[in-house]
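The values are calculated or read from the model by the stated rules, or taken from the named source; none is laboratory data. As the structure is a prediction and not an experimental result, all values here were calculated from the model. Every residue, glycine among them, receives a Cβ derived from its backbone with ideal geometry; neighbour counts consider all protein chains shown. Side chains are part of the model used for accessible areas, which takes the heavy atoms of the whole protein and leaves out ligands, DNA and RNA. Shrake-Rupley method; radii C 1.70, N 1.55, O 1.52, S 1.80 Å.
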Amino acid sequence: MQIETLELESFRNYERLRIEPGPGLNVFSGRNAQGKSNLLESIYVLATSKSTRAGKDIELIRFEDPVGRITAHVTREKNSDVALEMIFSQTDKKVARVNGVRHTKLAEVIGQLNAVLFDSGDLEIVRGEPAIRRQFLDLEIAQTSPRYVHALGAYRKTLEQRNRLLRDLRDARGSLDGLREVLPSWSAQLAHHGARLIDRRRLFLERLGLLAAEVHETLSDGRDSLQVVYVPSFPLDGAVDEAGVREAFAEALAAVAHDEMNRGTTLRGPQRDDLTFLVNGSDARLYGSQGQQRTVALSLKLAERQLIEELVGEPPILLLDDVLSDLDDVRRHHLFDLTERAGSQTFLSCTNLRPFSKGVLEQARVYAVSGGKLELQ
Ligand SMILES: Nc1ncnc2c1ncn2[C@@H]1O[C@H](COP(=O)(O)OP(=O)(O)OP(=O)(O)O)[C@@H](O)[C@H]1O
């Protein structure tokens, strides 16, 4: 999968831009606030229809302009080449075109181009709150599993209703017998939808954990080991499949039902899941150095890259937004080596070229970024 041409029109601080990136490493170097992240963001938006930085689509349109546009010509090994276009307007909904055919349902566009973004925000996956790790899990699994997206929606709805019931029971101080009678059926529904999420998360993490451990070993030059541990909110007790998880979940809910009625909220389930990243056996969130935490985040993203490749049959595009600053020389060397061997077209932003060896720069296409303009070096 490769972007042959990328064109931006009134996107962020780019008035007009057209580039023909190389098939391997593309480096975008420049001072702060020149448009490096904006450029990488445009590719991510084209792939996923969402920005991780913009709260609203109109933030993507260049100040004062009515319409912003991203266009790319993508060659793919497994599918025919594709022309992608995404248009943002101050007044209308965003529109995407695939080979000139207009789509307003963006779900039909996602997946035409696969990209994995690594930016400084990903560090929060390691050191932030559990909710960030759950969001990471949900986003990554959703990319390749529409079934998971459905289960997630159904679970959230059921959880909301069950919590409302528990609040009613708490506020009525147990006097509403009729309400208490319906709790088991809500618990069964919750266990039904929740088991699907938990089972999928478990399988996904098994695969991602193995891949991330391999990448991590290479990035740390064999010095640090990584273990990704799934921490569900109740013991899975050897449950081997979705039915087993459902049973364990239902039992866990029954065991805390009294407590839940007193507190007015659901105390077990995937909304309380967490992940632990063990580096050499210690929790990286609590004991890891910043460099080690960054290496864990980078390993997860590179593992995700590999998983997508396994699922779609060709390597996705890699977007590395200012990730070199906290890696030592050894990790940096391995990162370049890995991305090169992986065969992913890579877009990397940085503030200077010092971290690169001569050999890497000779192979790369290097652009200087200044004030929303690019110059090929
Ligand atoms: N919608 C917009 N219209 C015009 N300019 C914008 C828009 N959104 C952001 N900018 C400008 O883009 C610049 C930031 O660009 P970007 O985030 O790509 O920086 P960067 O080169 O990656 O810098 P850093 O190294 O600090 O991360 C800022 O000057 C900001 O004002």
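Of the chymotrypsin sites (Phe, Trp or Tyr not before Pro) found in the stretch 2-87, those in coil by DSSP whose Cβ has at most 13 other Cβ atoms within 10 Å are F63. Along the chain, the exposed loop sites are trypsin sites (Lys or Arg not before Pro) outside DSSP states H, G, I, E and B with at most 13 other Cβ atoms within 10 Å, and the longest stretch free of them is 224-377. Per residue, the chain exposes 48 Å² of accessible surface when a 1.4 Å probe is rolled over the protein heavy atoms with every protein chain present.
Annotation: lysines with alpha-carbon distance below 21 angstrom to K56 (same-chain offsets under eight excluded): K36, K93, K94, K105.
Note on the chain: with neighbouring protein chains present and a 1.4 Å probe, carbon and sulfur make up 47 percent of its accessible heavy-atom surface. This model, with +1 at the C-beta of Lys and Arg and -1 at the C-beta of Asp and Glu, gives the stretch 272-377 a dipole about its Cα centre of some 280 debye.
Taking the charge dipole of the chain about its Cα centre, with +1 at Lys and Arg Cβ atoms and -1 at Asp and Glu Cβ atoms, the residue from G100, G281, V366 reaching farthest to the positive side is G100. For L353, neighbours were defined as the other residues whose beta-carbon sits under 14 Å from its Cβ, and their charges (Lys and Arg +1, Asp and Glu -1) total +3. Among A243, N262, V82, which residue has its Cα furthest toward the positive end of the charge dipole of the chain, with +1 on Lys/Arg Cβ and -1 on Asp/Glu Cβ? Projecting each Cα onto the dipole axis, the largest value belongs to N262. Along the chain, the longest continuous region that contains none of the GluC sites (Glu not before Pro) in a DSSP loop with at most 15 other C-beta atoms within 10 Å is 78-377.
When only the Cβ of Lys, Arg, Asp and Glu is charged (+1, +1, -1, -1), the dipole of the stretch 335-377 relative to its Cα centre reaches about 80 debye. Taking the empirical scaling 2.2 N^0.38 Å for compact globular proteins as reference, the stretch 121-178 has a Cα radius of gyration ratio of 1.62. If you average 1/r over every pair of different alpha-carbon atoms in the stretch 33-101 and take one over that average, what Kirkwood value in Å do you get? Kirkwood hydrodynamic radius for the stretch 33-101: 12.9 Å. Over the chain, the pair-distance histogram of Cα-Cα distances with 10 Å bins from zero comes to 5, 21, 27, 24, 14, 7, 2, 0 percent, rounded to whole numbers. The alpha-carbon of K50 sits under 13 angstrom from the alpha-carbons of these aspartates and glutamates, leaving out residues fewer than 8 places away in its chain: E41, E59. Neighbours of A254, meaning other residues whose beta-carbon lies under 12 angstrom from its beta-carbon, give a summed charge of -3 when Lys and Arg score +1 and Asp and Glu score -1. Computed from Cα atoms, the angle from the helix 242-263 axis to the main principal axis of the chain rounds to 70 degrees. Inter-part distance, the stretch 1-46 to the stretch 109-169, computed on C-alpha centroids, equals 28 Å.
Here the chain is treated with +1 on each Lys and Arg Cβ and -1 on each Asp and Glu Cβ, and its dipole about the Cα centre works out to around 840 debye.
Entry for the stretch 126-284 at q = 0.12, 0.13, 0.16 Å⁻¹: log10 I(q)/I(0) = -0.58, -0.66, -0.92, Debye formula applied to identical alpha-carbon scatterers, no solvent contribution.
Helix 130-144: angle to the longest alpha-carbon principal axis of the chain, degrees 0 to 90, nearest 10? Rounded to the nearest ten degrees, it is 70. Relative to the dominant Cα principal axis of the chain, helix 329-342 is inclined by about 90°. The residues packed around G68, meaning those with a beta-carbon under 13 Å from its beta-carbon, carry a net charge of -4 if Lys and Arg are +1 and Asp and Glu are -1. Placing unit charges on the Cβ atoms of the charged side chains and taking the dipole of the chain about its Cα centre, the candidate lying farthest along the positive direction among Q290, A303, I58 is I58.
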